[in-house]
Amino acid sequence: MDRDQLRRRLVFYQDLGFRTLYRRPPVGAAAVGKRTTEPGPAKAPPSVFDPPPPEQDATLFSVLADLAPEGDTLARIREEMGECTRCRLHEGRKTIVFGSGHEQARLVFVGEGPGADEDEQGLPFVGRAGQLLTQMIEGTAKREGIPLVRADVYICNVVKCRPPENRTPLPDEMETCGKFLFRQILAIRPKAICVLGATAVKALLVTREGVTKLRGNWHRWQGIPVMVTYHPAYLLRAYNQTAKREAWEDLKKVLHYVYD
Ligand code: SF4
């Protein structure tokens, strides 16, 4: 990470309300910079679907990892969340939409927040956008010869309660609820994360770039490869045919990386 990236990351955390950051040596720090002459096993050539190697400094600020206690599990996180009233979004919700899918999923999808159908059913991505997401996951997997159904992945949102009128979650709501999201991802430790739309980008990546610029390329969160793509609700708009094609391409890339 260069100085400019570091500065932007700090500004981002400041925007989220973090006032103190603790530096912790990355895992295996003792080995950093140590060269070895011992021959290792032959490495397979990188696949076009592979993300770039992790930046050494990607885990430099592991403040978020500090939020996740040792041995954290989804059940424990949900239990600690309880009937949460930590932010104003609890006022209009019917149900907390925690997340659904495989507890040890190799792939996690992160969206923005629940809509009306999700609030009603207590499950993420069950409305029209959710049906499209399911279709995209299962349809792409099938076409690519990957045996995968929606239940094999884990799906959740940045905020767990429906924002009024489906508005975009506010920064303080994202910060408060984002801690649960970070814990969920760290508890699952997937091979990759697929970020759906701008709000999830803001929650997980240190950037002010939009989805259009970021999509299709690999990024990282806490050392985990992240693919950015469009939110399915955006793809439902009839004029977004190009975006639809691009989203399918992004998904193809993620699925091959995770399941090949
Ligand atoms: Fe709690 Fe998250 Fe709901 Fe806010 S959005 S009340 S932090 S569960």
Can you tell which of Gly99, Gly145, Gly92, Gly127 is within 12 Å of the ligand (Cβ to nearest atom), of a type in the set (Gly, Ala, Ser) and over 19 Å from the mean Cα position of the chain (by Cα)?
Gly92
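Based on what the data block shows, is Gly139 modelled with pLDDT of 95 or more, within 15 Å of the ligand (Cβ to nearest atom) and either among the β-branched types (Val, Ile, Thr) or more than 20 Å from the chain's Cα centre (by Cα) (or both)?
no
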Across (1) in contact with a Cys (Cβ under 9 Å, 6 or more places away or on another chain); (2) within 14 Å of the ligand (Cβ to nearest atom), Glu118 clears everything bar (1)
Would you call Cys156 under 26 Å from Glu249 (Cα atoms) and in contact with a Ser or Thr (Cβ under 7 Å, 6 or more places away or on another chain)?
no
Number of the exception - Gln222 against (1) of a type outside the set (A, V, I, L, M); (2) touching a residue at least 40 places away in the same chain (Cβ under 8 Å); (3) crowded, with 21+ Cβ neighbours inside 10 Å:
(3)
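This table checks each residue for (1) modelled with pLDDT of 95 or more; (2) among the aliphatic types (A, V, I, L, M); (3) surrounded by 20 or more Cβ atoms within 10 Å (Cβ to Cβ).
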{"residue": "Cys84", "(1), (2), (3)": "yes, no, no"}
{"residue": "Leu89", "(1), (2), (3)": "yes, yes, yes"}
{"residue": "Gly99", "(1), (2), (3)": "yes, no, yes"}
{"residue": "Arg106", "(1), (2), (3)": "yes, no, no"}
{"residue": "Gly115", "(1), (2), (3)": "yes, no, yes"}
{"residue": "Gly130", "(1), (2), (3)": "yes, no, yes"}
{"residue": "Ala151", "(1), (2), (3)": "yes, yes, no"}
{"residue": "Val159", "(1), (2), (3)": "yes, yes, yes"}
Members of segment 162-178 that are closer than 13 Å to Gly115 by Cβ and either of a type in the set (Gly, Ala, Ser) or in contact with a Pro (Cβ under 7 Å, 6 or more places away or on another chain) (or both):
Arg162, Pro163, Pro169
Within segment 231-251, can one find any residue that is in contact with a Cys (Cβ under 8 Å, 6 or more places away or on another chain) and on the phi < 0 side of the Ramachandran plot?
yes
Segment 133-150 - residue that is in contact with a Leu (Cβ under 8 Å, 6 or more places away or on another chain) and part of a loop (DSSP other than H, G, I, E, B) and, of those, farthest from Phe98 (Cα to Cα)
Glu144
Residues satisfying the stated conditions in segment 164-176, i.e. near the ligand (Cβ under 8 Å from one of its atoms) and either within 12 Å of Ala200 (Cα to Cα) or in a loop (DSSP other than H, G, I, E, B) (or both):
Pro169
What about Val158, is it in contact (Cβ under 8 Å) with a residue 12 or more places away in the chain and within 12 Å of the ligand (Cβ to nearest atom)?
yes
Condition met for Ile185 (outside any loop (DSSP other than H, G, I, E, B) and either touching an Asp or Glu at 6+ places or on another chain (Cβ under 9 Å) or away from the ligand (no atom under 16 Å from the Cβ) (or both))
no
Report, by residue number, each residue of segment 98-113 that is in contact with a Phe, Trp or Tyr (Cβ under 9 Å, 6 or more places away or on another chain), under 21 Å from Ala198 (Cα atoms) and not small (Gly, Ala, Ser).
Phe98, Leu107, Val108, Phe109
Log entry, pairs with first residue in segment 107-132 being in a loop (DSSP other than H, G, I, E, B), second being at pLDDT 95 or above and of a type in the set (D, E, K, R), beta carbons closer than 6 Å, six or more apart or on different chains, reads Pro114/Arg162; Pro124/Glu118; Val126/Asp117; Val126/Glu118; Gly127/Asp117
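The values are calculated or read from the model by the stated rules, or taken from the named source; none is laboratory data. Remember, predicted model here, so these are calculated numbers, not experimental data. Note that we place each Cβ from the backbone using ideal geometry, even for glycine, and neighbour counts take in every protein chain shown.
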